[in-house]
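Structure record follows, encoded as C-alpha cells.
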C-alpha cells in the first residue's frame, strides 16, 4: 500500500470521526442571561434556562416583548441565531434593532395570510405554534421567542401544543420565551414571570420555578 | 512495435457502460427478470436470465419469445440513452476538470490532474477510476474503466480489458493493447476480415505492420488503425458543458411497480430521484435554490410541488426534509404513475473554509429547519428585517426573505444604513406596532389629558411625553402626525398620535 493510499485512509477515518462528532448540533446547557441584571437576580441560575420554556406573561404594554428581545440579543452575542415567532404580526423591528439585535441573525416567522385568513384564527395560531416547535427542536437557535395568541385554540389542543413546545425545547436545547396574556394557559414550564408595566419601569414577578431550582416567588422592578 | 510519444498525449480515463440501453431499462426496475431491448423486432440486448432461457441479441422478438416465453421487451430509445449518458457526465464533473461524452456508451475523463493530490501516478489514476466507478454504482450504473494516454487506447482497454479497471502507464499503451482482439479497434467493415485472412488477428500483430503498407491497402483508415494499435491517439478531449438544470424522472408504467398509491413509496422514489439530481448538480458545483416535484397521476392529471430552499444546496438529504413534509401532507387524488424532480433555480455553492470555532452542523440544522418551514408556510413567512430611511413609522423597515448568513459573517456585519431608519430616536419606538392604528377617545380637564378610552375601557393617564412630529411624503400619501408616549394606569406605555388631517387620536403601538 502506498503512502498516498495510507494518507487517504487516515483522512477518511478522521472525516468519519469528525462527522460522528458533528452530526448533531451541540446541545446547549445552562442559562441565557435576560439582559436585565435585576431579572437575572430573580431567576434561578441567573438567567432563562436553556432547553426549557419560560412564560413571560403580562398585559399589552407590560414590557414582556422588550425583555424577550433583550434575551434574544444576549443569545446573538454568543454568535448564535435567534428567532421570533410573530403570530400577531405586531413586532416592530426598528425597536428590536434599537435594543441591539442584529437583524440579519434574527429570524422573524410570520404565518402567511392564507394561514391566518378566512376567519380561521385557530389554524393561524396552530401554524405559529408548529413553527415554534420546529425552531425549538432544530437545535439551530439559542433562543426563540413565541408570540402566538392561544385564545382561538381549544384548551385541550393548546395544552397539547404547549407540552410539545416544552419537549421541543428540551430536544433542541434552546431557551424558549413564550409571550402570553395573563389569562392564557401556562406552559408546563420551568418558569413563569409576570410582568406589569404600570410603574415607571416594568415590574417582574417570578411565580413559578419548579424545574430550574425549586418553587419560588420574587419581585424585581 | 513503436512506443507512443507519451509526453504529448493527454491521460484519459475512459468509462464504458456495457449494454447501456439495457442498464437504463433495468434502472427503473427493482427486480431484474427476463428483459430485452429491441430495435424494431430485433433483440439488441437481453438480461442474463433471458439469455439463460435461450434468447440472444440478434434474434427476432418472435424467436426470442419462442425460447423465452416470459420475455418482456422495451424499445431502444437512443435519445434517452444519450440523455442518461449526459446526466452521468454531469455527475462525473465533480471528479475531473473535463468530461467528454462519447456516444453511444462511453465517457472520457481528463485524468491528467489525478496526481495533483500526491502519491504515485498509478495510485492516483487507479484511485480516480475507482471513485468514478463507485459514483456510477451509486447512480445505478455498472461500468468498466481504462486509463491510458489518448482517448482511443483508454476506451479499448475499458471495453476489452481483463479487469474492471485496466491501466496502461505512459509509454506502455501499445504493450497493453497488444493482446486485444482486432475487434477492439472497431475497424471499418471488411477490413478486419481481410487482415485476418493474412494472419493479423490481434492488435499487437497490426501494430508491427508498416503504416505505409496499410495506408496503401486500406487508405487513411488503415494508417489510422496502425497508429491506434501503437497507442497513438492525439485527439483532444471535447469537454461536455451542460446547458440545462438537471432533471430526473421515473416512469413506473410498464415496470413491476406499476403505480404508487400512498405517500411512503412516493417518498422512497423521490429520495432516489433526489440523490441522482443532487449528484449531477454537485458535479457542476451548483446548488438548487428551487425544486419542482411533478407527480404524474393515473390515468391522467398531475400534482406539482414547488419547493424553495433556504440556501442553494446540492445536498439531497437537505432537500428531503421539506420534500417529506410536503409529500406527507399531500392528499393524492389518484395513484402516481410517474415522478419527475427538476431543478428550477440553481446557483453556485461557494466552498467555505472552516476555521476553529465554526459550527457547520449548526448552519446545516438552520438550513434544514428553514427548508421545513418554507415548505409548510412558504418562504414569504421567513423574514429578516432591514432598516429603510423613511419617516412614516410603519414604513421605516422592510421585511425580506431570511437568508442564511455566511459562516464567517461577524454579528452586525453587512447591515445597511441607519438601523433605526429615519424616524427619529429609535429608543422612543414601541416594540409592538399595530397593523392598523385604532381610534381612541381622549378626555381631559383644563386642557390636560387625563383619561384615554381604549376599546371602551377608560384608563387614567399617569404620564405623557411628546409630541414628536412626523410628517412628509406630500408627493404620494401625505401624513402629518404628532406622536405621544402615554403611560396609562393598569396598562403601561402606549404610542398614540393625533392625526393632523382629521384631528383625531389613534393608538399605534405598545411599549411592551
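The values are calculated or read from the model by the stated rules, or taken from the named source; none is laboratory data. Remember, it's a predicted structure, so these values are computed and weren't measured experimentally. All Cβ positions, glycine included, derive from the backbone under ideal geometry; neighbour counts span all protein chains shown.
General remarks:
- Filter result for the condition that a residue is at positive phi, within 7 Å of another protein chain (Cβ to nearest Cβ) and modelled with pLDDT under 90, over A:119, A:79: A:79
So that you can scan it fast, the table gives a plain yes or no per residue for (1) touching a helix residue (DSSP H, G or I) at 6+ places or on another chain (Cβ under 6 Å); (2) modelled with pLDDT of 95 or more; (3) not assigned by TED's automatic domain parsing to the domain that holds residue B:157:
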site	(1), (2), (3)
B:104	no, no, no
B:107	yes, yes, no
B:115	yes, no, no
B:122	no, no, no
B:126	no, no, no
B:133	no, yes, no
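- Matching entry among B:293, B:267, B:307 (being in a helix (DSSP H, G or I) and under 18 Å from the mean Cα position of the chain (by Cα)): B:267
- The residue that is surrounded by the most Cβ atoms within 10 Å (Cβ to Cβ), among those in the range B:377-403 that are at the interface with chain A (Cβ under 7 Å from one of its Cβ atoms) and within 17 Å of residue B:324 (Cα to Cα), is B:377.
- Flag for residue B:13 being surrounded by 16 or more Cβ atoms within 10 Å (Cβ to Cβ), out of contact with any strand residue (DSSP E or B) (no Cβ under 7 Å at 6 or more places or on another chain) and in the same structural domain as residue B:152 (by TED's automatic domain parsing): no
- Residues in the range B:490-511 that are assigned to a loop (DSSP other than H, G, I, E, B) and within 12 Å of chain A (Cβ to nearest Cβ) were compared, and the one that is surrounded by the most Cβ atoms within 10 Å (Cβ to Cβ) is B:511.
The rows are residues; the columns are (1) part of a loop (DSSP other than H, G, I, E, B); (2) crowded, with 24+ Cβ neighbours inside 10 Å.
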{"site": "B:127", "(1), (2)": "no, no"}
{"site": "B:131", "(1), (2)": "no, no"}
{"site": "B:140", "(1), (2)": "yes, no"}
{"site": "B:148", "(1), (2)": "no, yes"}
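- All of (1) assigned to a helix (DSSP H, G or I); (2) touching a helix residue (DSSP H, G or I) at 6+ places or on another chain (Cβ under 8 Å) hold for residue B:43 with one exception: (1).
- Residue count for the range B:435-469, restricted to those that are at pLDDT below 85 and within 54 Å of the chain's Cα centre (by Cα): 0
- The single residue among B:284, B:290 that is in contact with a strand residue (DSSP E or B) (Cβ under 7 Å, 6 or more places away or on another chain) and not assigned by TED's automatic domain parsing to the domain that holds residue B:404 turns out to be B:290.
- Pick from the range B:476-489, criterion under 15 Å from residue B:464 (Cα atoms) and in a strand (DSSP E or B), ranking: farthest from the other protein chains (Cβ to nearest Cβ): B:482
- Yes/no for residue B:314 being under 13 Å from the mean Cα position of the chain (by Cα) and under 21 Å from residue B:403 (Cβ atoms): yes
- Counting only helices (runs of 4 or more DSSP H) that fall entirely inside the range A:87-197 and contain at least 1 residues that are within 14 Å of the chain's Cα centre (by Cα), the qualifying elements are A:121-138, A:155-172.
Every residue, every condition in (1) at pLDDT 90 or above; (2) closer than 30 Å to residue B:367 by Cβ, yes or no:
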{"position": "A:5", "(1), (2)": "no, no"}
{"position": "A:16", "(1), (2)": "no, yes"}
{"position": "A:38", "(1), (2)": "no, no"}
{"position": "A:44", "(1), (2)": "no, no"}
{"position": "A:53", "(1), (2)": "yes, yes"}
